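The values are calculated or read from the model by the stated rules, or taken from the named source; none is laboratory data. Given the structure is predicted, the values throughout are model-derived calculations rather than measurements. Every residue, glycine as well, gets a Cβ built from its backbone with ideal geometry; the counts of neighbours run over all protein chains shown.
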Amino acid sequence: MRQHHRHKQWQLTDGLYLPHSYEPPRQLSWWDDIGFILNGRRVMVWWIHPRMAYADVIDERAWEATVTTPSDIPELLGHGPSQKIWKKVGKSRKKVVGYQALPQSEASLERYDQLQATEKHLKTEGIDFEVRPSMSVRAYSWGLGMELCVPVEVRDQNDAGSLVDIARRLIKGVATLDGQFLGYSYGRQQWLDESGLRNG
């Protein structure tokens, strides 16, 4: 890990590897990827806010309620039937240079509208589900990868630095999730309380 970092240096800003922009400013933050160096090794933090985990479960439940057969999935994802696009490469030869999606069927369009309506309803009403802070750390050849779900806002570089401070303390064992976020959970009430900020 140290060797990888030594030979392929990150471009750091105030000690942080920031692959994403924070412009324009956000009211609510959902996820981010932030890197830092710990003992000469790279650490990549793949962070999501509990509201992101909650929204992902809403999407899953909308799919479960709407998409009833596996054959529906490819067309809804835009992977339905396609037509080859040919290009001449000589007097009598031609080759495939691409694929063009065929128009979606009426049934597929109706299913997609149904999926959107179900998702909108669940987002408006909320669902019975709770998200608690969580983390997992895994070693890779290039460094450590940390999946982190904690209730902090990451709206700018200063917030990113605060998140990295939390991640660093958790990895070093100086802090625990229970110690940092004792009793915290994100559920329907928090989701509904934020509806104005999400839609604003």
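Values for this structure:
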| quantity | calculated |
| --- | --- |
| Hits in region 153-171 - residues which are within 17 Å of ILE37 (Cα to Cα) and in contact (Cβ under 8 Å) with a residue 60 or more places away in the chain | GLN157, ALA160, GLY161, LEU163, VAL164, ALA167, ARG168, ILE171 |
| Residue selected from region 131-143 under the condition surrounded by 13 or more Cβ atoms within 10 Å (Cβ to Cβ), at pLDDT 95 or above and of a type outside the set (Lys, Arg), by the criterion farthest from PHE36 (Cα to Cα) | VAL131 |
| Flag if ARG169 is modelled with pLDDT of 95 or more and in contact with a Gly (Cβ under 6 Å, 6 or more places away or on another chain) | no |
| Pick from region 45-77, criterion outside any helix (DSSP H, G or I) and modelled with pLDDT of 95 or more, ranking: surrounded by the most Cβ atoms within 10 Å (Cβ to Cβ) | VAL45 |
| Filtered residue count, region 89-102, keeping only those that are modelled with pLDDT of 70 or more and surrounded by 10 or more Cβ atoms within 10 Å (Cβ to Cβ) | 6 |
| Checklist (1) under 21 Å from the mean Cα position of the chain (by Cα); (2) surrounded by 17 or more Cβ atoms within 10 Å (Cβ to Cβ) applied to LEU197, failing item | (2) |
| Failed item in (1) surrounded by fewer than 16 Cβ atoms within 10 Å (Cβ to Cβ); (2) touching a Ser or Thr at 6+ places or on another chain (Cβ under 7 Å), with GLY179 passing the rest | (2) |
| Among (1) modelled with pLDDT of 85 or more; (2) small (Gly, Ala, Ser); (3) surrounded by 15 or more Cβ atoms within 10 Å (Cβ to Cβ), the one test that SER108 misses | (1) |
| Residues located in region 19-45, provided they are under 16 Å from the mean Cα position of the chain (by Cα) and among the hydrophobic types (A, V, I, L, M, F, W, C) | LEU28, TRP30, TRP31, ILE34, MET44, VAL45 |
| Extreme residue, farthest from LEU122 (Cα to Cα), among residues of region 8-40 that are surrounded by 16 or more Cβ atoms within 10 Å (Cβ to Cβ) and at pLDDT below 90 | TRP10 |
| Residue check, ARG198 out of contact with any Lys or Arg (no Cβ under 9 Å at 6 or more places or on another chain), over 12 Å from MET135 (Cβ atoms) and among the basic types (Lys, Arg) | no |
